[in-house]
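All remarks here apply to the structure that follows.
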Amino acid sequence: MNFNYNDWGEIETTQINLLGIDEVPICPLISIDKDTVKFEHNLQDYDSLEFEIKKYVNDDNGEAVIAQGYDNIHLLSKIVLPKLGKFIVSSEPEISYSDGMEKKVVSCKSLEYELSFKDIKEFKINTGETSSYERLYPENIDAFGHTINFIQFYNPDDSRYSLLDIICNQLDGNWKVGRVDKLLQTKKYYFDVENQDIYSFLMQDVSNAFKCIFQFNTINRTINAYLGENLGEDTGVIIGYRNLLSSTDITQATDEIYTKFTVVGSDDLDIAQVNFGESQIEDLSYFMNERFLSKDLIKKYNNWIKVREKKRTEYVNKIKEFISNQESRDNIINLVPLDSLEYDWNTFSKDELDREQAYFEDLVKAIEKEFTDASGNLDIDALKNSIYWLDYQSYTEWIIPNIKIAKENLLLPDDDKKDYLDGWKYDWKLYGTNELKVMMETFDNQMQSAKGYEKAWSELTKDEQKKYINQTTYDTIHEQYAKAKEHYDGASAQYDKLTKEVNTYQAKMDSAQTEMNTIAASVNIKNSDFGFTEHELKVLSMLYIESDYENENFLVTTIMTQVDKIDEELKLLDEAKTELSERSRPQYSFSCNLDNLFNLPEFKSWHSEVEVGNFIRLETTESHQEKLRITSISFNPCADFSMYSSI
């Protein structure tokens, strides 16, 4: 911690000062009872400042006068402790009387308390919706309607796509981004907040999602953020009864221990596809010692965990293989022509047609860009073999030409208007098996309606011709039959071709599913290969303490492929495993009272190291030390000192 020192190496007394709402200094608060001052510096909560201040002081003549600043201390007044921070009076001071003397009892919270005054409403980050921040900029949406840049934790190059900068803008620019852990900057998560104050959003939603710790520099009004594992230094400071330690209290931080989680994300996202078909995970590592279990059971359990994790990658790869084949199969089954092929362009105005033409031409340019080399040559063969070909063909052969026809027709009389191109209706490559089957039924019905008109008129005998009214009527119905037969044959040939492809993909899916089932069975704890007895399994089951783990920062968006979903499930699994690792063992809190460390010159070298977030070592016995992170320090900057550390 930072202090000023006198010529003897002692910490100089801190002067508490009153500020205006605009944080311009008003006056020192000279009537504070210094013995009542308590400053508490916390890692993951507001800092606090408490003191009592007397209403009257004696002037140079010994007369009682109202102390400077006393009447200005109210709810939301601002206080500064030089080098330690700025504070807001968080409640109206309590006024008390003793021996005819009036005083105020003042409670303050550090300046970031004002973040709780501001709400964010309908706040969407990376949701893919129109109102989500990343979608507010037209230049950030490509020709296919996909988002180009997503919002990351901190983007020093473009504040539009920086979560911290967006938050600072919500605070009217009164706060700015300070230091941000480089490993944290590019991380991205999804947020959908209906209504929440900004402090809670940062300290709960954001902190939990990114596993980060925020630190607020209230002197400079900056928001700093660090990954939890990167915050703080291992100082080498050792505190024990032989130097400064007066007393230590060790308590369990929480009574709740869980060894098994049922894991879910947002929108029913779960981990079954990356966890051998199961939605639960477990962690019994805390109990894997001979205080709880036999040596043989520990060995079996650890081996099971090792084999299970080794097989996970193989299982996930098979899942991805299954899903890839499933997507290919389903695309063949469900393919339909683009809706825009069926637009009635006659109903569009000139301005609307211009906009539509520009839109589809942009799509064409975007596709061509993907298949054009540095010299400007379009690789049409590569394009034809890509997933974009059918869309590209629809744009260039029918949609854009039909828009141009519609624009020409606006200037022509009805009798001279041009017909639209409709060759797409019978381009069977645009249809999947489901749609082809429907069309085949339609064509078959048309053929049945024209039964008896299969042959051309010239192929009929004289006697056959006499059965019909006349050749003109016969030829009309025969032509309908011939067209229906032609379309049926074309659709049927494509249907047979696609059905073979569907069957091929289905066979690959069945094979992958069989291998997945085999892997899942091989890592089941009841598999005899692991050698667990029925009694041992019962013993393990007695250690299972179940709970739900839900993390809504993991979700499936509309632009995600099924393989993307698997990757999202893996991230959810990793987060859940990390959380369970912490929750599956007792967590202890250490509270220590120390001698006056900050007023002992011989310990001056420790002053900058005994800081919230840093690590020290605490001697709990003569032969044992605990490495602890300092999460809270409290002391009287005007008198004695005590420190509290917990981990």
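The values are calculated or read from the model by the stated rules, or taken from the named source; none is laboratory data. In this text, all values refer to a predicted model and were calculated from it rather than measured experimentally. Every residue, glycine as well, gets a Cβ built from its backbone with ideal geometry; the counts of neighbours run over all protein chains shown. Side chains included, ligands, DNA and RNA excluded: accessible areas come from the protein's heavy atoms. Shrake-Rupley method; radii C 1.70, N 1.55, O 1.52, S 1.80 Å.
Worth pointing out:
- Annotation note: Cβ proximity below 6 Å between a residue of region 572-583 that is farther than 16 Å from D270 by Cα and a residue that is part of a helix (DSSP H, G or I) (sequence gap 6+ or interchain) occurs for no pair.
- Just one of (1) closer than 24 Å to F117 by Cβ; (2) assigned to a strand (DSSP E or B); (3) modelled with pLDDT of 95 or more fails for R179. It is (1).
- Hits in region 94-113 - residues which are crowded, with 20+ Cβ neighbours inside 10 Å and not in a strand (DSSP E or B): L111, E112, Y113
- Any hit, region 284-297, residues being of a type in the set (K, R), open to solvent by less than 50 Å² (accessible area, probe 1.4 Å) and at pLDDT 85 or above: no
- Look at (1) assigned to a strand (DSSP E or B); (2) under 28 Å from C212 (Cα atoms) and you find that V57 fails only one, number (2).
- Within region 451-498, considering residues that are of a type in the set (G, A, S) and part of a helix (DSSP H, G or I), the one farthest from the chain's Cα centre (by Cα): S458
- Test: residue in region 434-441 that is over 46 Å from the mean Cα position of the chain (by Cα) and either surrounded by fewer than 16 Cβ atoms within 10 Å (Cβ to Cβ) or without any contact (Cβ under 8 Å) to a residue 60 or more places away in the chain (or both): yes
- Hits in region 196-206 (condition: modelled with pLDDT of 95 or more and either among the polar types (S, T, N, Q) or under 12 Å from F554 (Cα atoms) (or both)): Q196, S200
- Region 7-18 - residue that is in a loop (DSSP other than H, G, I, E, B) and modelled with pLDDT of 60 or more and, of those, least open to solvent (accessible area, probe 1.4 Å): I16
- Being at pLDDT below 95, among the small types (G, A, S) and under 26 Å from H41 (Cα atoms) is a property that G145 lacks.
- Test for D45: is it out of contact with any Phe, Trp or Tyr (no Cβ under 6 Å at 6 or more places or on another chain), closer than 30 Å to N208 by Cβ and either part of a loop (DSSP other than H, G, I, E, B) or at pLDDT below 95 (or both): yes
- Some residue of region 51-59 being open to solvent by 80 Å² or more (accessible area, probe 1.4 Å), touching a residue at least 60 places away in the same chain (Cβ under 8 Å) and farther than 17 Å from E92 by Cα: no
This table checks each residue for (1) modelled with pLDDT of 95 or more; (2) open to solvent by less than 60 Å² (accessible area, probe 1.4 Å).
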site	(1), (2)
L341	yes, yes
E352	yes, no
K365	no, no
N385	no, no
Q393	yes, yes
I399	yes, yes
I403	yes, yes
P413	no, no
D416	no, no
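- Pairs with Cβ under 7 Å, 6+ apart, first in region 26-40 and in contact (Cβ under 8 Å) with a residue 40 or more places away in the chain, second open to solvent by 50 Å² or more (accessible area, probe 1.4 Å): I26/N72; C27/Q68; P28/Q15; D33/K54; K38/E50
- Of E454, E464, all but one fail to be acidic (D, E), open to solvent by less than 70 Å² (accessible area, probe 1.4 Å) and modelled with pLDDT under 95; the exception is E464.
Every residue, every condition in (1) hydroxyl-bearing (S, T, Y); (2) over 27 Å from K318 (Cβ atoms); (3) touching a residue at least 24 places away in the same chain (Cβ under 8 Å), yes or no:
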position	(1), (2), (3)
H478	no, yes, yes
V502	no, no, yes
T518	yes, no, no
H535	no, yes, no
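- Candidates V106, V37 - the one that is farther than 30 Å from L164 by Cβ and in contact with a Pro (Cβ under 6 Å, 6 or more places away or on another chain): V106
- Any hit, region 139-162, residues being touching a Pro at 6+ places or on another chain (Cβ under 9 Å) and either surrounded by 14 or more Cβ atoms within 10 Å (Cβ to Cβ) or closer than 30 Å to L29 by Cβ (or both): yes
- If only residues of region 114-131 that are closer than 30 Å to I148 by Cα and open to solvent by less than 30 Å² (accessible area, probe 1.4 Å) are counted, the one that is modelled with the lowest pLDDT is T127.
- Filter result for the condition that a residue is touching a helix residue (DSSP H, G or I) at 6+ places or on another chain (Cβ under 8 Å) and open to solvent by 40 Å² or more (accessible area, probe 1.4 Å), over Q494, Q471: Q471
- Filter result for I21 (in contact with a strand residue (DSSP E or B) (Cβ under 9 Å, 6 or more places away or on another chain), at pLDDT below 95, part of a loop (DSSP other than H, G, I, E, B) and more than 30 Å from Q204 (Cβ to Cβ)): no
- Tally, over region 146-175, of residues that are free of Cβ contacts under 8 Å to residues at least 24 places away in the same chain, in contact with a strand residue (DSSP E or B) (Cβ under 9 Å, 6 or more places away or on another chain) and either among the aromatic types (F, W, Y) or not in a loop (DSSP other than H, G, I, E, B) (or both): 3
- Within region 82-93, the residues that satisfy the criterion of being closer than 13 Å to D47 by Cα and surrounded by fewer than 21 Cβ atoms within 10 Å (Cβ to Cβ) are L84, G85, S90.
- Criterion (part of a helix (DSSP H, G or I) and more than 30 Å from T433 (Cβ to Cβ)) met by exactly one of E501, E579, E552: E579
- Residue in region 259-267 that is outside any loop (DSSP other than H, G, I, E, B), free of Cβ contacts under 8 Å to residues at least 40 places away in the same chain and either farther than 19 Å from M516 by Cβ or out of contact with any Phe, Trp or Tyr (no Cβ under 8 Å at 6 or more places or on another chain) (or both) present: no
- Some residue of region 531-542 being modelled with pLDDT of 85 or more and at positive phi: yes
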